[in-house]
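J.: Structure incoming, see below.
The values are calculated or read from the model by the stated rules, or taken from the named source; none is laboratory data. Because the structure is predicted, anything quoted here is derived from the model rather than measured. Using ideal geometry, Cβ is built from the backbone for each residue, glycine included, and neighbour counts are taken over all protein chains shown. For the accessible areas, the whole protein counts, side chains as well, though only heavy atoms, and no ligand, DNA or RNA atoms are used. Shrake-Rupley method; radii C 1.70, N 1.55, O 1.52, S 1.80 Å.
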Amino acid sequence: MPEVNEFDAAFFRRWLATVASAVDREAERLTELDSAIGDADHGANLKRGFAAVTDVLEKETLDTPGAVLVAAGRQLISTVGGASGPLYGTLLRRTGKELGDAPTVTRQDLAAALTEAVAAVGQLGGAQVGDKTMLDALVPAAEGLGDSFSAARDAAEHGAVATVPLQARKGRASYLGERSIGHQDPGATSSALLIAALAEVAAA
């Protein structure tokens, strides 16, 4: 069966609703990971943020993929404290802006937009692949999305797991120095959830 390759606003609403469910389900694990090398609030912060996104998307009439993502990103920035809100908010808002006003987009459009958004997240956080951050999952995911949704999911998951042996060079975890080694990065883990939710909705 050929892959569907036209995605409308409803698809992106389903994606973000699926992310909210995944974050709600995994919040405790994300916070547990964050307690080892961060502020122990990553799961709770994202849970609150994506619950707020769900509320906004239920109330607002948004007719394009770009509008859905921009609204979601704006909501995360205004709702979530710490670094997660600005970083995830930038990711979604920039992706939405790159997609523009098109009523439908292709997977290739999304891959290109996500690549630009991931670069913007890297600039905002001053991070790159190997620094033990969400970029370790997002950069390979954006590359994989050029091939397929499942390739993006697998690349993100692999990238998240690959943060375990790394020493953190950015964020709160970097203060721990070598003690950050041996722990999976919570931001990369939640980023992998985001991409897994995208693959799940695309396969439905």
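J.: So what's the convex hull volume per residue for the Cα atoms of segment 1-158, in Å³?
T.: 109
J.: Please label the shape of segment 118-185 as rounded, prolate or oblate, based on the square roots a ≥ b ≥ c of the eigenvalues of the alpha-carbon gyration tensor (a/c under 1.5 means rounded; beyond that, a/b larger than b/c means prolate, else oblate).
T.: oblate
J.: Angle check, please: helix 135-145 long axis (alpha carbons) against the longest principal axis of the chain (alpha carbons), in degrees 0 to 90, nearest 10.
T.: With both axes taken from Cα atoms, the answer is about 30 degrees.
J.: Let's see if you can work this out: charge +1 on each Lys and Arg Cβ, -1 on each Asp and Glu Cβ, no other charges. What is the dipole magnitude of the chain about its Cα centre, in debye to the nearest 20?
T.: The dipole magnitude comes to about 500 debye.
J.: What is the helix-to-structure angle for 9-37, meaning the angle in degrees between its Cα long axis and the longest Cα principal axis of the chain, kept from 0 to 90 and rounded to the nearest 10?
T.: 10
J.: When we measure straight from the Cα of LYS170, which lysines land under 16 angstrom away, once same-chain ones fewer than 8 places off are left out?
T.: Once the sequence-local lysines are set aside, what remains near LYS170 is LYS132.
J.: Also, I was wondering about something else. With every protein chain left in place, what is the accessible area per residue of the chain in square angstrom, probe 1.4 Å?
T.: It amounts to 45 Å² per residue over the chain.
J.: Still on this structure, I have one more. To test your reading of the geometry: what angle, between 0 and 90 degrees and rounded to tens, separates the Cα axis of helix 149-161 from the longest principal axis of the chain?
T.: Tilt relative to the chain: about 10 degrees.
J.: Let me ask something additional. So how much slack lies between SER148 and ASP55, counting 0.36 nm per residue of separation and subtracting their Cα-Cα distance, in nm?
T.: Extra length from SER148 to ASP55 when fully extended: 30.5 nm.
J.: Compare THR61, THR90 by solvent-accessible area with a 1.4 Å probe and give them largest first, with all protein chains kept in place.
T.: THR61, THR90
J.: Report P(r) for segment 34-92: all Cα-Cα distances, bin width 5 Å, range 0 to the bin holding the largest distance, values in whole percent.
T.: The calculated distribution, bin by bin, is 4, 21, 28, 21, 13, 7, 3, 2, 0.
J.: Tell me the accessible surface of ASP8 in square angstrom (1.4 angstrom probe, heavy atoms of protein chains only), to the nearest ten.
T.: That residue has around 70 Å² of solvent-accessible surface.
J.: On a 1.4 Å probe surface of the protein chains, which of LYS47, LYS97 comes out largest in accessible area, and what is the full order?
T.: LYS97, LYS47
J.: So, with a 1.4 angstrom probe, what is the percent of accessible area on the chain that is carbon and sulfur?
T.: Solvent-exposed carbon and sulfur of the chain make up 51 percent of the total.
J.: Would you please classify the overall shape of segment 77-136 from the alpha carbon gyration tensor, given that a ≥ b ≥ c denote the square roots of the eigenvalues, rounded means a/c under 1.5, and beyond that prolate means a/b larger than b/c while oblate covers the rest?
T.: Oblate, because a/c is 1.5 or more while a/b does not exceed b/c.
J.: Calculate the length of the line joining the C-alpha centroid of segment 83-121 to that of segment 48-82, in whole Å.
T.: When both Cα centres are located, 13 Å separates them.
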